[in-house]
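Trainee: Sharing a structure with you now.
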Amino acid sequence: QVQLVESGGGLVQPGGSLRLSCAASGSIFSINHMGWYRQAPGKQRELVAVISNGGSINYADPVKGRFTISRARAKNTVYLQMNSLKPDDTAVYYCYAGTSRPYWGQGTQVTVSS
């Protein structure tokens, strides 16, 4: 079992920045990759960014050049640095960990509004 706890969400103005954190605990040895998804009301959950144990990274097109995912393996923590935020980035952001099955955090709300 893997437990994930997100933090760092909140209200930010367009063009602002926010940094999300996700701490993993439990059977962390089984984690192959970690990442972030987001879900806006009435929309399907979508990939934001993912980082593998080997360090390979993929970003969704809407966030390329603005968001940066990183991982501190010693602390079992993954981060998402979000810059140049837009109203379209407003969503609940979920941390996930990939093993033989996906594990999800509880989600943290990010609201981008002036």
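Read the figures in this text as sums done on the coordinates, not as results from a lab. Source: prediction; values computed, not measured. A quick note on method: Cβ atoms are made from the backbone with ideal geometry, for glycine too, and the neighbour counts reach across all protein chains shown.
Trainee: Which value does Rg/Rh take for segment 9-56 over its C-alpha atoms, Rh per Kirkwood?
Mentor: Rounded to two decimals, Rg over Rh is 1.04.
Trainee: Same structure again: Hey, what did the chain get for relative contact order, percent, Cα under 8 Å, at least 6 apart? Display every interim value, and only then the final one.
Mentor: Numbers: 274 pairs, mean separation 43.2, N = 114.
It comes to 38 percent, rounded to a whole number.
Trainee: Local charge sum around residue 111 (other residues, Cβ-Cβ under 14 Å, Lys/Arg +1, Asp/Glu -1)?
Mentor: 0
Trainee: Moving on. Using the Cα centre of the chain as origin and beta-carbon charges of +1 (Lys, Arg) and -1 (Asp, Glu), tell me which of 60, 72, 39 is placed farthest towards the positive end of the dipole.
Mentor: Final value for the positive-end residue is 72.
Trainee: Going highest first, how would you order 11-17, 80-86, 96-102 by mean Cβ packing within 10 Å?
Mentor: Highest-to-lowest ranking by the protection proxy: 80-86, 96-102, 11-17.
Trainee: Next question. Quick check: residue separation of residue 40 and residue 57 times 0.36 nm, minus the Cα distance between them. What number comes out in nm?
Mentor: 3.8 nm
Trainee: Another question, then. In debye to the nearest 20, how big a dipole does the chain give about its Cα centre with +1 on each Lys and Arg Cβ and -1 on each Asp and Glu Cβ?
Mentor: Values: 11 positive and 5 negative charges, 36 e Å.
Dipole size: approximately 180 debye.
Trainee: Rule-of-thumb check for the chain: C-alpha Rg over 2.2 N^0.38 Å?
Mentor: The value comes to 1.00.
Trainee: Here's a follow-up. Can you tell which of 78, 92, 48 shows the greatest fluctuation in a Gaussian network model of the chain with Cα springs below 10 Å?
Mentor: 92
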